[in-house]
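The values are calculated or read from the model by the stated rules, or taken from the named source; none is laboratory data. As the structure is a computational prediction, the values presented were derived from the model and not from experiment. Here the Cβ is made from the backbone with ideal geometry for all residues, glycine too, and neighbour counts use every protein chain on show. For the accessible areas, the whole protein counts, side chains as well, though only heavy atoms, and no ligand, DNA or RNA atoms are used. Shrake-Rupley method; radii C 1.70, N 1.55, O 1.52, S 1.80 Å.
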2 protein chains.
Amino acid sequence: MQYPLPIARLIDNYMKLPGIGEKTATRLAFYTMDMPEDDVEDFSKSLIQVKENLHSCSICGNITESDPCEICRDANRDRSTIMVVEQPKDVMAFEEMGEYNGLYHVLHGVLSPMDGVGPEEINIKSLITRLQKQDEVKEVILALNSSPEGEATAMYLAKLIKPAGLKVTRLAAGLAVGSDIEYANSITLKRAVQGRTDL
Amino acid sequence: MQYPLPIARLIDNYMKLPGIGEKTATRLAFYTMDMPEDDVEDFSKSLIQVKENLHSCSICGNITESDPCEICRDANRDRSTIMVVEQPKDVMAFEEMGEYNGLYHVLHGVLSPMDGVGPEEINIKSLITRLQKQDEVKEVILALNSSPEGEATAMYLAKLIKPAGLKVTRLAAGLAVGSDIEYANSITLKRAVQGRTDL
C-alpha cells in the first residue's frame, strides 16, 4: 500500500520547493491534512494569486500588482539615479533601509555563461533603452552581489553604460557592521583596506 | 514599501507550516513566483484535494479516499488481530514492512493530560465499540511510540481491553538493528536485557 493519491500528490508538490526533501514533504503534507480548512483554502488561493496578480513592471522589471510599479510611478522619487539590482528581494532590502530615494532596475539574474545566462537572458536590454530615453538619469548604481557572476555583470554593465557619459558607481565593499576582523575572509579584508576612508 | 500583497499573503501561509520561519517562507514565496504556472496550479489544487478527498475510515480511523478504507475492506486480511497506532503515518510504516496482515486502528494522538488530550479526544471509543461488535478479534497489538504519553496510553488501553478476555501485546523494545550498544540510551539497554531471547 502506498499513500492515498491526494497525499502522494501533495508530497510531490512540496518536494518541488527548494530545500524540501521527501521526509519534510511528507511531514508537511500530513500537517496540511490536519490544518483548518480555511487556512488550507487561503494557502491554495494565495499560490494561484502570486502567479496571477503579480507582474513585472514594464519600466524597471520589479514585481508589482500594477504596471508601472509603485516606485516608478512615485513623483517624489529622485529620477536622476537608477540602482541596478539582481532580484526583487534586493529592492525590498533597500526599501527597508529607507535611505535611498532613487529608482531601481531589476535584472532578474546575473550573467553566468556556465549556466547559459547571457545578456539576452536578463533584463539588460530594457535598462539600456531606459537610459537612452530618460535624459534625467545622471547616475547608475550597480548594486549587485559580490559573487564572481555579480562582479562580471557589473563590469559588463559599466563598459556598456559609461560611454554614454553617465556616472557609474558600485556599493562599498568592506567589513559588515558588527562583524569580527578575525573571521572576515581575505578578499573582504583586502577590499576594506583598499576602500579605507579618512576619520 | 512592503512586499506586494500577494507575496506577503503567500509568505504568511508558508509560515503556518511547521519548521518554516519568515526567511524560509520568503524564499519559498519568491521561488513559487518563478515556478512554472502548471506546477503552481497543481500545487494549489493538491492542497484543496487533500482536505476534500481524504476522510477518516469510519471503522479504523485511518485516512482514506473511500470509506471503509482499503485495508478494512480487504477480505484477505486477518480479522483476528487489530494493531493500534498513533497516526496514519504509522500504518504506512507497517504496510511498507509488509509482514503484518491484520487490521489497524488509528488513535490520531495519544493521551496527554498536560495538553488537554483525554480519552474523549482520541479515537478510543470507536476501538472499544469495534471490539465489542467484532467477535473474531483475538489480539490487540498496542504499537504506540515509547514516549511517556505513548506508554501511558498503552497502559490505559490494556486496562480497558484485557477484562474482555482479549490478548493484548505490545511491540518488542530493544536495540535497533544496526545500532551501536555504545550509543544506546540506558532505558533502551534495560529493555533489551529484560526482553532477551534464547539463541
- Query: For the protein assembly as shown, what is the largest minus smallest coordinate of the Cα atoms on each principal axis, given in angstrom and ordered from greatest to least?
  - Reply: 94, 47, 39
- Message: With a 10 Å cut-off between alpha carbons and a GNM built on chain B, which of B:Gly150, B:Gly98, B:Gly61 moves the most?
- Response: B:Gly98
- Query: Shielding of B:34-45 by partners, i.e. mean partner chain Cβ atoms within 10 Å per residue?
  - Reply: 5
- Item | For B:Tyr183, inter-copy label distances in nm, listed shortest first [label point 7 Å out on the Cα-Cβ vector] | 2.8
- Item | Pseudo-label separations to other copies for A:Glu120 - Cα-to-Cβ vector, 7 Å, nm | 7.0
- Using Cα atoms only, what is the angle between the long axis of helix A:22-33 and the major principal axis of chain A, expressed in degrees (0 to 90) to the nearest 10? 70
- In square angstrom, what is the accessible area per residue of the range A:1-129 with a 1.4 angstrom probe? 49
- How much accessible surface area, in Å² rounded to 10, belongs to the heavy atoms of B:Ile181 with a 1.4 Å probe? 110
- Bin width 5 Å, alpha-carbon pairs only: give the P(r) of the range A:5-53 as whole percents, running from 0 to the bin holding the largest distance. 5, 21, 23, 28, 18, 5, 0
- For the range A:63-71, in order, what is each residue's ³J(HN,Hα) by Karplus, 6.51 cos²θ - 1.76 cosθ + 1.60 with θ = phi - 60°, in whole Hz (x at glycine and Pro)? 6, 7, 7, 10, 10, x, 6, 3, 5
- Near A:Asn123, within a Cβ-to-Cβ distance under 14 Å, what is the net charge of the other residues, with Lys and Arg +1 and Asp and Glu -1? -3
- Query: Under the definition of Cα pairs under 8 Å and six or more residues apart, what whole-number percent is the relative contact order of the range B:63-194?
  - Reply: 21
- Item | Whole-percent carbon and sulfur share, accessible surface of the protein assembly as shown, 1.4 Å | 51
- Along principal axes, Cα extents of the range A:61-140, largest first, whole Å: 40, 28, 23
- Most mobile of A:Ser46, A:Ser112, A:Ser66 in a GNM of chain A (Cα contacts under 10 Å): A:Ser46
- Task: Please list B:158-171, A:131-144 highest first by mean number of surrounding beta-carbon atoms within 10 Å per residue.
- Result: A:131-144, B:158-171
- Item | Closest Cβ on chain B to the rotation axis that carries it onto A (distance rounded to whole Å) | B:Ser44, 2
- Task: Report, by chain and number, residues whose modeled amide H sits under 5 Å from the one on B:Leu142, excluding near sequence neighbours (fewer than 5 apart, same chain).
- Result: B:Val84, B:Thr169, B:Arg170, B:Leu171
- Message: I need the inter-copy label distances for B:Glu37: point set 7 Å along Cα to C-beta, values in nm with one decimal, smallest first.
- Response: 3.0
- Rounded to whole angstrom, the alpha-carbon centroid of the range A:11-65 lies from that of the range B:134-174 at a distance of 41
- Query: Which residues of the range A:48-85 show a drop of at least 20 Å² in accessible area when all protein chains are present, compared with their chain alone (probe radius 1.4 Å, heavy atoms only, ligands and nucleic acids excluded)?
  - Reply: A:Ile48, A:Gln49, A:Val50, A:Lys51, A:Leu54, A:Ile63, A:Glu65, A:Glu70
- Tell me, what ³J(HN,Hα) does each residue in the range B:101-108 have, in order and in whole Hz, if you take phi through Karplus 6.51 cos²θ - 1.76 cosθ + 1.60 with θ = phi - 60° and put x for Gly and Pro? 10, x, 9, 10, 9, 9, 7, 6
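How many Å² of accessible surface get buried when B and A come together, counting both sides, probe radius 1.4 Å, rounded to the nearest 100?
Roughly 5100 Å² of accessible surface disappears when B and A pair.
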- Query: Roughly how many nanometres apart are two label points built 7 Å out from the Cα toward the Cβ at B:Glu65 and B:Leu189?
  - Reply: 4.9
- Task: List, largest first, the extents of the alpha carbons of chain A along their principal axes, each in whole Å.
- Result: 68, 46, 35
- Using +1 on the beta carbon of Lys and Arg, -1 on that of Asp and Glu, and nothing else charged, what's the dipole of the protein assembly as shown about the Cα centre, debye to 20? 620
- Query: What does the range B:95-199 give for Rg and for Dmax, in Å, if only its C-alpha atoms count?
  - Reply: 15.8, 48
